[in-house]
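Scroll down for the structure; my scribbles are underneath it.
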């Protein structure tokens, strides 16, 4: 029965235009990301010095590190801009150099993949898909058609969660393929770098992303609303809540006399996805894994119970 | 002994502040077309949802004959169209059918076209269901309910929004399914005259309670044009009516006689009773169709009068 439910749900998902559009959007975003990482000469553009690049490389390849390096470069750029202005007044304006060797020009595919994953684009697109896919069930009241599953709603629920996991896998495969293609066409050389740390990283990131998907699906199930799921997914994946999380961290630190190492963000799915790198230590990987399992299982069980007990329509 | 498809026992559905279905007992015979009659909000849809597993009863029970106690197996033998048809507007009729067929383990293309042909939607091609007329959507909903060749069809207002031709088409189809494939059908409708044309059994529901459950024959009897005589001496009156040449009559209770033939001879009948010194409290011709009967029995007329 599960196989039939899964086939039916896969067929329904395959008939959604949005899954193809979102995949195309992801390809475009990855092209843009990889172009910036591999081809945009940050030093030339912003006057970032070699020390900043070294510092960036020491921090590892993550979205967070990239942001830090970008800001470092931006500061450097401001300073050099002042010098350049003075220089321009004396010797005339020189053209800005944009294309060249990007910050990660010499990276391998594994590093580029982790950078792309850290950008959270996958989460954003996954959240939109889930809002449309699960929200569609409530919009069309599809389950009222399938009386056979009236008392086996858990089977339908599991089939839908499996579809979410499969689509997440497809999105991540797109990221990998685009990273390979990016390194092959825009990087120094095509080095895969698919070692054991990459395998662990990929598995943990996949579990975190699926857990995020289950969480967005749970919100869609509970709110029975397409808009509810999509909006929550976008809010969570875009980092809008990061300021709130930072404030909450300070409050918790002060209230419970915790040291400054404690950060609430370390226990959220999005922070774990963006902070996890190929060089992350075992503690960080374990924390990410536990977060994925806890969020995934809790969201799954809560929404399953609600969906199974609730009247249709 | 009568064979039943479904029996409900004190079936109840209570919400926080209201009771939608209140101790309902219905008995749906195998092979019957069971009409559920009731006003909006009377509880028809809630009953249908409960017996198809879409809503959980808060009291009572229901059981499908021949299936286990939890009715789990029975749900795979039920087709339902409850409230609006649940269709994906961006898909064609064929693809909508295919979603359900795959879920039911049916992979045959011809099967889908066969069901669509039953409701006249086999030639809609690539037209999206969202662009269908209300009637077409309704027919698609019925076709989807037919997937899996159910033994029991639950149809909530299936002729809503259909044009007269569509109504005749659905009526003929349901009659055919019932007769040829022996499918038991539970159907609700606001168009009582239409329901009267196909239903073999009825339940009238009002404010969540079943007011009357009867066969079509019994209901028709109640709705026939007739002379209604009220007399305190029933035993004395009956032989007089017979002697006067009336053949189709019956005593309804200890004071009321219904005479169904020679309605124009009411004055003759009145005179014969008077001659025989039978006291008559009232005599008159009453005619009511199913709709009037329904309004009368659910107290709607009284309600309206009270309000006025």
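Below are the figures for this structure:
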read-out	value
Per-region count, the range B:229-248, residues free of Cβ contacts under 8 Å to residues at least 24 places away in the same chain and either in a strand (DSSP E or B) or surrounded by 15 or more Cβ atoms within 10 Å (Cβ to Cβ) (or both)	3
Wholly enclosed strands (runs of 3 or more DSSP E) of the range B:23-118 bearing at least 1 residues away from chain A (no Cβ under 14 Å) and farther than 18 Å from residue A:11 by Cα	B:27-29, B:33-38, B:59-64
Every residue from the range B:143-165 that is in a helix (DSSP H, G or I) and within 14 Å of chain A (Cβ to nearest Cβ)	B:143, B:144, B:145
Enumeration of residues in the range A:288-312 that are over 17 Å from the mean Cα position of the chain (by Cα), surrounded by 14 or more Cβ atoms within 10 Å (Cβ to Cβ) and closer than 30 Å to residue A:277 by Cβ	A:298, A:299, A:300
Residue within the range A:267-285 that is within 14 Å of chain B (Cβ to nearest Cβ) and either touching a residue at least 12 places away in the same chain (Cβ under 8 Å) or outside any helix (DSSP H, G or I) (or both) present	no
Test for residue B:103: is it touching a residue at least 12 places away in the same chain (Cβ under 8 Å) and buried (at least 20 other Cβ atoms within 10 Å of the Cβ)	no
Of residues in the range B:119-136 being within 14 Å of another protein chain (Cβ to nearest Cβ), buried (at least 16 other Cβ atoms within 10 Å of the Cβ) and outside any helix (DSSP H, G or I), the one modelled with the highest pLDDT	B:128
Given (1) within 14 Å of chain A (Cβ to nearest Cβ); (2) in contact with a strand residue (DSSP E or B) (Cβ under 8 Å, 6 or more places away or on another chain); (3) modelled with pLDDT of 90 or more, number of the condition residue B:140 does not satisfy	(2)
Odd one out for residue A:263 among (1) within 18 Å of the chain's Cα centre (by Cα); (2) closer than 20 Å to residue A:236 by Cα	(1)
Positions within the range A:99-141 being in a helix (DSSP H, G or I), within 14 Å of chain B (Cβ to nearest Cβ) and either surrounded by 24 or more Cβ atoms within 10 Å (Cβ to Cβ) or touching a residue at least 24 places away in the same chain (Cβ under 8 Å) (or both), in sequence order	A:132, A:133, A:134, A:135, A:136, A:138, A:139
Residue count, the range B:166-184 (criterion: part of a helix (DSSP H, G or I) and under 19 Å from residue B:85 (Cβ atoms))	8
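Yes/no matrix, rows are residues, columns are (1) buried (at least 20 other Cβ atoms within 10 Å of the Cβ); (2) touching a residue at least 40 places away in the same chain (Cβ under 8 Å); (3) in contact with a helix residue (DSSP H, G or I) (Cβ under 9 Å, 6 or more places away or on another chain); (4) closer than 23 Å to residue A:307 by Cα:
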site: B:7; (1), (2), (3), (4): no, yes, no, no
site: B:10; (1), (2), (3), (4): no, yes, no, no
site: B:16; (1), (2), (3), (4): no, no, no, yes
site: B:39; (1), (2), (3), (4): no, yes, yes, no
site: B:42; (1), (2), (3), (4): yes, yes, no, no
site: B:45; (1), (2), (3), (4): yes, yes, no, yes
site: B:59; (1), (2), (3), (4): no, yes, no, yes
site: B:81; (1), (2), (3), (4): yes, yes, yes, yes
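To keep it simple, each residue is scored yes or no on (1) buried (at least 18 other Cβ atoms within 10 Å of the Cβ); (2) at negative phi.
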residue: B:172; (1), (2): no, yes
residue: B:194; (1), (2): yes, yes
residue: B:207; (1), (2): no, no
residue: B:227; (1), (2): yes, yes
residue: B:250; (1), (2): no, yes
residue: B:259; (1), (2): yes, yes
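The values are calculated or read from the model by the stated rules, or taken from the named source; none is laboratory data. Predicted, not measured: the structure shown is a model, and the values here were computed from it. Glycine gets a Cβ as well: all are built from the backbone with ideal geometry, and neighbour counts include every protein chain shown.
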